[in-house]
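Student: The structure's right below; bear with me while I get my questions together.
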Amino acid sequence: MGIAALVSGQCNNPTSRPEIRSMSPQDRARFFSALEKIRQNGELDRLSKLHVDNADTIHGHPVFLAFHRVFMNDFASALNRADPGVSVPYWDWSLDATNPISSDLFTNSYMGGNGGGDKGCVQGGPFANWQMNIDSPHCLTRKFNQGDSIAPFWPPEALLSMQQT
């Protein structure tokens, strides 16, 4: 799908995205395998660099939604080149808003936990010991915002309340 179709809202073949915890272990493994393939072929580094290089222009600005719509389409296309038909999941963060550290997502069956060691490298789950090559070789890092924990997110009810005022 081209950018013109995305911007004009013309979508002839919409896909649905499963919440990651609703995926079977086989489908989740298939997604992680496709992600590993695009990491190995350099597509993940290219997409990551595109996002990092444009973060200040995108985040907090009107282009945020449009950029991410195109970006996610490019991401899904890269994954589908690696494994046709693989599903790109989403995370329903509202299910974990009050206690995100207890989310299944931060277990080794999903995304792995907090980074460890001197550099904060991800050491568990499907992304354990990943090497990235954005600007220079380095490990994939993760740093929870409260040391070994994650602060609660805004509850969905608060966000809805802001929208209604």
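The values are calculated or read from the model by the stated rules, or taken from the named source; none is laboratory data. If you're wondering where the values come from, they're calculated on a predicted model, not measured in any experiment. With ideal geometry, Cβ positions are generated from the backbone for all residues, glycine too; neighbour counts draw on all protein chains shown. Calculation scope for accessible area: heavy atoms of the full protein, side chains included, ligands and nucleic acids excluded. Shrake-Rupley method; radii C 1.70, N 1.55, O 1.52, S 1.80 Å.
Student: Out of the total accessible area of the chain (probe 1.4 Å, heavy atoms of protein only), what percent is carbon and sulfur?
Tutor: Answer for the chain: carbon and sulfur cover 54 percent of the accessible area.
Student: For the chain, state what percent of all Cα-Cα pairs lands in each successive 10 Å bin, counting from 0 Å until the bin that includes the largest distance.
Tutor: In whole percents, the pair-distance histogram is 9, 29, 42, 19, 2.
Student: Once amide H atoms are placed 1.01 Å from N in the peptide plane, what residues at a sequence separation of 5 or more from Met132, or on another chain, have their amide H within under 5 Å of its amide H?
Tutor: Distant-sequence amide H within range of Met132: His138, Cys139, Leu140.
Student: Rounding to the nearest 20 debye, state how big the charge dipole of segment 19-165 is about its Cα centre with +1 on each Lys and Arg Cβ and -1 on each Asp and Glu Cβ.
Tutor: Taking the Cα centre of segment 19-165 as origin, the dipole is about 280 debye.
Student: Moving to a separate point now. When the convex hull of the Cα atoms of segment 71-165 is projected onto a plane and the area is averaged over all directions, what value comes out in nm²?
Tutor: Averaging across all directions leaves 8.6 nm² for the Cα convex hull.
Student: Run the helix sum for the chain: -39,500 (n - 2.57) per DSSP H stretch of 4+ residues, divided by residue count, reported at 222 nm to the nearest 500 deg cm²/dmol.
Tutor: So the calculated ellipticity at 222 nm is -12500 deg cm²/dmol.
Student: Now a separate question. In units of 2.2 N^0.38 Å, what is the alpha-carbon radius of gyration of segment 78-132?
Tutor: 1.36
Student: To one decimal place, what orientation-averaged projected area in nm² is obtained for the convex hull of the Cα set of segment 27-123?
Tutor: Answer in nm², one decimal: 7.8.
Student: With every protein chain left in place, what is the accessible area per residue of segment 23-165 in square angstrom, probe 1.4 Å?
Tutor: Roughly 60 Å² per residue, with all protein chains present.
Student: Count neighbours as other Cβ atoms within 10 Å of each site's Cβ, and list the chymotrypsin sites (Phe, Trp or Tyr not before Pro) in segment 73-165 that are DSSP loop with at most 16 such neighbours.
Tutor: Loop-located and lightly packed - Trp91, Phe144, Phe153.
Student: Separate question: How much length, in nm to one decimal, is gained on full extension between Arg69 and Tyr90, taken as 0.36 nm per residue of separation minus their Cα-Cα distance?
Tutor: Net length gain for the segment: 6.2 nm.
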